[in-house]
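Asker: One structure follows; several queries about it will come next.
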Amino acid sequence: MSALFRYRAFTDRPEGGNPAGIWIGDRLPEPEVMQQMAAEVGYSETAFVAPARGFDRTVRYFSPETEVSFCGHATIAAGVVLGENEGEGTYRLATAVGEVPVTVRARDGVWEASLTSVTPACAPAAGAIVDEALDALGWQAGELDDSIPPVRAYAGAWHLVLAVADLSRLDALDYDFDRLKALLLREGLTTLQLVWRESAVVFHARNPFPVGGVVEDPATGAAAAALGGYLREAGLVEAPAAILVRQGEAMGRPSRLKVEIPVKGGIIVSGTAVPMQARGFSD
């Protein structure tokens, strides 16, 4: 038996958030079948979850064009689907990058899921890579925020993080899709995470995702976790800390990603998810 659900993650409204497909079945389909299904669903990612019951599951993630190692928003959406169908608790998801626990709870009738990422990491971003990314964006180096240096950040997938000094620069996003895609593929990066720091605890983000065949993600949980890990490693927050990432607003898909940064270990990313439509279980 299997079922395909469609949910929007990191929102409590159907018009917000990032859509994800969630397939749940007794056994995972063959990779080529999962890739075809993800392309047909058409969202930035579809999560494939098996088996159909229990607190221990295996998950694989596919964008319309390729498999990805980890996807935060599809994990949050999958957690909410599991909670609604099987109840509250912590589901242990075996992913390509390691086990990702997802704790699911209902509060006043609203389901929320919290994932704990694998141990984050970060590495310096070479100047040539930053320059190439800026060229693809049509940005100037002087528009970056010197207090948050460019970095490669990881919490299940690698991202190039660039912080801008002014929100207007972030709002005016327009980039060379093919050029940025080639750069990200060559460097083993999943998205380009563009952020602006509104305050000590609030960040605005936009995430081009040409690697997956998607111009932009309205909410990117894996990148939010990577950002949290980077902020901790660089001493830009004093852990334990909590930040809010606002994303998707310029796309008309407002999303809220709550990020908890403990003193050590994985980063916790939480959010709600709401259904778009579901296809019932079938043989």
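Bear in mind that the values in this text are calculations on the coordinates, not laboratory data. Keep in mind it's a predicted model, so treat the numbers as computed, not measured. Methodologically, a virtual Cβ is constructed for each residue, glycine included, from the backbone with ideal geometry; neighbour enumeration extends over all protein chains shown.
Asker: About the Cα centre, and with charges only on the beta carbon of Lys, Arg (+1) and Asp, Glu (-1), how big is the dipole of the stretch 121-266? Nearest 20 debye, please. Display every interim value, and only then the final one.
Answerer: Working: 13 positive and 19 negative charges, 115 e Å.
It comes to approximately 560 debye.
Asker: Please check: in the Gaussian network model of the chain (C-alpha springs, under 10 Å), which one of 75, 103, 191 has the largest mean-square fluctuation.
Answerer: 103
Asker: Still on this structure: Would you look at the GNM of the chain, springs on alpha carbons closer than 10 Å, and say which of 138, 221, 83 moves the most?
Answerer: 138
Asker: For the charge dipole of the stretch 121-266, defined by +1 on Lys and Arg C-beta atoms and -1 on Asp and Glu C-beta atoms about the Cα centroid, which residue among 221, 248, 136 has the Cα displaced farthest towards the positive pole?
Answerer: Going by the charge dipole, the pick is 221.
Asker: Take 117, 168, 69, 270 and order them by how many other Cβ atoms sit within 10 Å, fewest up front. Walk me through the numbers on the way to the answer.
Answerer: Working: 117 29, 168 10, 69 17, 270 23.
The most exposed by this proxy come first: 168, 69, 270, 117.
Asker: Here is a further query. Taking square-rooted eigenvalues a ≥ b ≥ c of the alpha carbon gyration tensor, is the stretch 121-266 rounded, prolate or oblate, where a/c under 1.5 means rounded and, failing that, a/b exceeding b/c means prolate?
Answerer: On the way: a/c = 1.44, a/b = 1.31, b/c = 1.10.
Rounded, because the longest to shortest axis ratio a/c is under 1.5.
Asker: How do 56, 108, 12 rank when sorted from fewest to most other Cβ atoms within 10 Å of their own Cβ?
Answerer: 108, 56, 12
Asker: Right, another one. With charges set only on the Cβ (+1 for Lys and Arg, -1 for Asp and Glu), what does the dipole of the stretch 203-283 come to about its Cα centre, in debye to the nearest 20?
Answerer: Details: 8 positive and 7 negative charges, 25 e Å.
Around 120 debye, computed over the stretch 203-283.
Asker: Please give the Cα centre distance for the stretch 100-132 versus the stretch 165-199, rounded to the nearest Å.
Answerer: About 17 Å separates the Cα centre of the stretch 100-132 from the one of the stretch 165-199.
Asker: Then there is this: Using Cβ contacts closer than 10 Å as the measure, can you line up 232, 179 from fewest to most?
Answerer: In order of increasing Cβ crowding within 10 Å: 179, 232.
Asker: From the mean inverse distance of alpha carbon pairs (Kirkwood) and the Cα radius of gyration, derive Rg over Rh for the stretch 37-90.
Answerer: Values: Rg = 11.5 Å, Rh = 11.7 Å.
With Rg and the Kirkwood Rh in hand, the quotient comes to 0.98.
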